[in-house]
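Peer 1: Below is the structure I would like to discuss, written out as structure tokens.
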Amino acid sequence: MNKAISADGTSIAFERTGDGPPVVLVAGALCDRMATDPLAAELGRNFTVFCYDRRGRGDSGDKAPDTVQQEIDDLGALIAEAGGEAAVYGHSSGAALALHAAASGLPITGLVLHEPPFLLEDDPEEPERSQALLRTIKEHLAQDRPADAIAAFLTPTGMPQQLIDFMSQNPGTQASARTLPIDPFAMVSEDSRGGRTPVEQAREVTVPTLVLCGGDSHSWMIETAEQIAAAMPNGRHLVLPDQGHIVAADVLAPVLTDYLTRK
């Protein structure tokens with residue numbers, strides 16, 4: 001395990017695997033670097049891969065209140081450790097962070113956004129639903145009930161109850177629960193983009209970008225991936241047949257390897 005120091009002095013834990021052009025892996029909500037370890041092992045055959053604990057998770061530090069900009073700075077610190085520039089892969093809300101980072105001008109050589117969870121449908125009731133869920137999660141956290149906060153967050157996703165129960169009772173996941181108000185809520189909010197829509201933000205990103213989604217994922221996830229890719233000057237959309245939101249490393253790694261070596 002290594003440590004990078006972010007702009008605000010926070011220590012960010014990371015592991016380096018393999019040899020070759022650098023790639024930084026950004027995990028989604030509630031996940032630490034262990035979530036990306038299997039993918040790192042596969043990609044390490046062709047790349048130098050950096051897996052890290054996002055702030056407030058695993059072995060990384062934290063300085064409350066967390067902000068989206070701090071997370072961008074954290075990723076910038078990892079890219080500096082990688083030699084000053086790197087490709088970036090982000091999954092789920094980690095893809096939202098990767099898009100923020102690219103739009104902010106971090107030295108990213110290639111970008112892969114895997115099912116960024118932007119709901120682009122025109123649903124006037126969605127903002128209130130999201131805010132109500134956020135209030136519930138904050139109440140649970142204030143009462144030191146991380147398991148309830150995790151369950152409240154995961155239930156609307158349609159995740160099987162058995163998996164929700166497992167994750168909500170997992171000590172590691174519980175330790176990361178306090179990051180939920182930032183990731184995903186602040187991370188995907190309009191405020192985090194300065195009032196721009198995700199599509200408008202995507203138009204500003206000129207980095208070669210692959211936007212992935214699973215063929216078995218929710219239809220809105222597929223539509224979001226299509227729209228984000230279409231908005232990007234150098235965007236490409238790819239559907240992974242018979243896959244959902246979580247894709248096994250041995251399936252995903254060849255796709256990333258092919259793209260990042262050809263981009």
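Peer 1: Say we look at the range 114-130 and pick out the residues that are loosely packed, with under 14 Cβ neighbours inside 10 Å and in contact with a helix residue (DSSP H, G or I) (Cβ under 9 Å, 6 or more places away or on another chain); which of these is modelled with the highest pLDDT?
Peer 2: Step by step, filter the range 114-130, then rank; the result is Arg129.
Here is a yes/no grid of residues against (1) surrounded by fewer than 20 Cβ atoms within 10 Å (Cβ to Cβ); (2) in contact with a Ser or Thr (Cβ under 6 Å, 6 or more places away or on another chain); (3) outside the structural domain of Glu115 (by TED's automatic domain parsing); (4) more than 15 Å from His91 (Cβ to Cβ):
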residue	(1), (2), (3), (4)
Thr224	no, no, no, no
Gln227	yes, no, no, yes
Ala230	yes, no, no, yes
Gly235	no, yes, no, yes
Gln243	yes, no, no, no
Ile246	yes, no, no, no
Ala249	yes, no, no, no
Thr257	yes, no, no, yes
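Peer 1: Would you tally the residues in the range 148-164 being surrounded by 14 or more Cβ atoms within 10 Å (Cβ to Cβ) and either touching a residue at least 24 places away in the same chain (Cβ under 8 Å) or more than 24 Å from Leu120 (Cβ to Cβ) (or both)?
Peer 2: So the answer is 6.
Peer 1: Still on this structure: Which residue, of Val211, Val207, is part of a loop (DSSP other than H, G, I, E, B), in contact (Cβ under 8 Å) with a residue 12 or more places away in the chain and among the aliphatic types (A, V, I, L, M)?
Peer 2: Testing whether each residue is part of a loop (DSSP other than H, G, I, E, B), in contact (Cβ under 8 Å) with a residue 12 or more places away in the chain and among the aliphatic types (A, V, I, L, M) leaves just Val207.
Peer 1: Something else about it: Would you mind telling me which numbered condition in (1) free of Cβ contacts under 8 Å to residues at least 60 places away in the same chain; (2) crowded, with 21+ Cβ neighbours inside 10 Å Val23 fails?
Peer 2: (1)
Peer 1: Going by the conditions given, is Ser176 part of a helix (DSSP H, G or I), in contact with a Cys (Cβ under 8 Å, 6 or more places away or on another chain) and in contact (Cβ under 8 Å) with a residue 12 or more places away in the chain? I'd like the intermediate steps shown before the answer.
Peer 2: Values: part of a helix (DSSP H, G or I): yes; in contact with a Cys (Cβ under 8 Å, 6 or more places away or on another chain): yes; in contact (Cβ under 8 Å) with a residue 12 or more places away in the chain: yes.
Yes: the conditions hold for Ser176.
Peer 1: Residue check, Thr48 against (1) of a type in the set (Ser, Thr, Tyr); (2) in contact (Cβ under 8 Å) with a residue 40 or more places away in the chain; (3) surrounded by fewer than 23 Cβ atoms within 10 Å (Cβ to Cβ); (4) within 19 Å of Lys263 (Cβ to Cβ), all met but one. Which one?
Peer 2: (2)
Peer 1: In contact with a helix residue (DSSP H, G or I) (Cβ under 7 Å, 6 or more places away or on another chain), within 30 Å of Thr257 (Cα to Cα), part of a helix (DSSP H, G or I) and not assigned by TED's automatic domain parsing to the domain that holds Val239: is that true of Thr136 in this structure? Give the derivation first.
Peer 2: Values: in contact with a helix residue (DSSP H, G or I) (Cβ under 7 Å, 6 or more places away or on another chain): yes; within 30 Å of Thr257 (Cα to Cα): no; part of a helix (DSSP H, G or I): yes; not assigned by TED's automatic domain parsing to the domain that holds Val239: yes.
Here the answer is no, as Thr136 does not meet what is asked.
The values are calculated or read from the model by the stated rules, or taken from the named source; none is laboratory data. Worth saying up front: this structure is predicted, and the values here are computed from it rather than measured. Methodologically, a virtual Cβ is constructed for each residue, glycine included, from the backbone with ideal geometry; neighbour enumeration extends over all protein chains shown.
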